[in-house]
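The structure appears right after this line, and notes come after that.
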Amino acid sequence: MTDADFDRRHLWHPYTNVMAPGPTYMVEHAEGAWITLDDGTRMIDAMSSWWCAIHGHRHPAITAAMKAQIDHLPHVMFGGLTHRPAVELGRRLVEMTPEGLDHVFYCDSGSVAVEVAMKMAVQHQLAAGNPGRTRFATPRGGYHGDTWKAMSVCDPVNGMHHLFEGALNIQYFAPQPPVTMSEDWPEDDEANGVAALSRLLHEHGDQIAGLILEPVVQGAGGMRFYHPEYLRRARKLCDELGVLLIFDEIATGFGRTGELFAANLAGVTPDIMCLGKALTGGHLSFAAVMASGEVARRIGSGEPGLFMHGPTFMGNPLACAAACASLDLLADGEWRDRVAGIARQMEVELAPAKALPGVADVRVLGAIAVIEMDHEVSADRAHPISRETGVWLRPFGRNIYAMPPYILSPEEVGQVSAAMIRLAEIL
Ligand SMILES: *Cc1c(COP(=O)(O)O)cnc(C)c1O
């Protein structure tokens, strides 16, 4: 059996039928923005491999840090022991995240980070004398991961998990924030969505531990950009009602929107913030949950005085070393001009797509570019076209989108824009 046949018959890929898989392509190696297939085909990874590889693949500074760490201490348990990579990463995260998020919990993936954040919120409320506050509020249109508690706060219809509805906790869904990033913020709270959120939180506040949302960019739920003012108003409502505000920055963190964190677009500090995806520059699975001093103090003062979570591979030194190297690459701020440059160029280059038949909307924010169609588009149909255009794109729902590495040259950005338009013409 060839490797490709074995893959087809035995391996599940994300969201696939192992008995009837779609096409997959064998990657031989990757470097910078480019991935190379076993037949020599080269493609720009315009997905940053699901939004992670912000500096490109196999960045020499990150692989050097990983190699040095492997020869030193690839892993050690985090219970009762610590190590320099964990401390060094913690320093950087406390320093770079919004003021007040002073406490770090390391875990293995984005979904687990969301689980941890939700557990923190429930323990916080217990310690604050609110044992009835075990549920969560969230706007529709969100995506927070594939594990159980994370699934429960994904959009109940298009969040990929409606199948499990009966098995999930009942959570409270507010309407999707109605005002987009490019619109003016209307003062009328019925029009801007704040009134609906306020009603929901007032009505069920005594049961709600936290409000969890993806700040500004709803990613896998639909690639929608909403107005940052919504977050300022959400912060105010949460403060009034004793609801914790949880930002899931797993997709938006580390420069993707043009700011280091989407929270910075609103100037809002959440109580808890989830980080993942680009944390290691896409070199290893890793995540972190940042919590405010208030949340950490409360949890510590409650029963049993401990935060009740601790994964086997917590604080893995290799992942911490990769993350430190990735964050160091962001430290000089050069990413800012690069992301702004990508945004400017793609806005111009994708504008003509607005006139294409079947295109509903075109939008760009930072290094996120979306052509939204008025119909569903098939990733399996897109992939053979990717081989022709030399740009790896994986559309989902109605969205043909790119979230490329920040390192693309203007020529490469042009190639990505052209490939997106070609997909919009064909799909
Ligand atoms: C990808 C993603 C997650 C889940 O992260 P995994 O590493 O896939 O578990 C959670 N929230 C958001 C916003 C994401 O984009």
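Using the rule -39500 (n - 2.57) for each DSSP H run of four or more residues, divided by the residues of the chain, the 222 nm mean residue ellipticity is -11500 deg cm²/dmol. Amide H contacts under 5 Å for LEU245: LEU211, ASP271, ILE272, restricted to partners 5 or more places along the chain or on a different chain, H placed in the peptide plane at 1.01 Å from N. Could you tell me the calculated FRET efficiency between ASP188 and LEU356, based on Cβ-Cβ distance and R0 = 41 angstrom, to the nearest 0.05? In this case the efficiency is close to 0.75. For the pair VAL94 and LEU11 in one chain, pulling the backbone fully straight at 0.36 nm per residue adds 26.0 nm over the alpha carbon distance. For the stretch 87-330, the spread of Cα positions along the three principal axes, ordered from largest to smallest, is 48, 43, 37 Å. The length gained by stretching the chain between VAL348 and ALA167 to full extension, at 0.36 nm per residue less their Cα-Cα distance, is 60.6 nm.
When only alpha carbons are used to place a centre, the stretch 209-282 and the stretch 16-88 end up 25 Å from one another.
For the pair ARG297 and ALA61, a Förster radius of 35 Å applied to the C-beta separation gives a FRET efficiency near 0.40, rounded to the nearest 0.05.
Would you mind putting 331-340, 268-277, 138-147 in packing order, based on average other-beta-carbon counts within 10 Å, highest first?
The densest-packed peptide leads the list: 268-277, 138-147, 331-340.
Would the chain count as rounded, prolate or oblate if I go by the C-alpha gyration tensor, calling it rounded below 1.5 in a/c and otherwise prolate when a/b exceeds b/c, oblate otherwise? Oblate. The calculated P(r) of the stretch 21-154, using every Cα pair and 10 Å bins from 0, goes 9, 23, 33, 24, 9, 2, 0 in percent. Straight-line reach from LYS119: taking Cα to Cα under 20 Å and skipping same-chain neighbours fewer than 8 places apart, the lysines in range are LYS149. Loop-located GluC sites (Glu not before Pro) across the stretch 174-253 with a Cβ neighbour count of 10 or fewer within 10 Å are GLU187, with loop assigned by DSSP.
Label-to-label distance, THR82 versus ASP102, with points set 7 angstrom from Cα along the beta-carbon direction: 1.5 nm.
The ranking of ASP155, ASP5 from fewest to most other beta carbons within 10 Å of each one's beta carbon is ASP5, ASP155. A full extension of the chain between HIS309 and VAL157 corresponds to an added length of 51.7 nm, given 0.36 nm per residue minus the alpha carbon distance.
None of the figures in this text is laboratory data; all of them are computed from the coordinates on show. The model shown is predicted, which means the values in this text are computed figures rather than measured ones. Cβ: placed from backbone, ideal geometry, glycine included. Neighbour counts: every protein chain shown.
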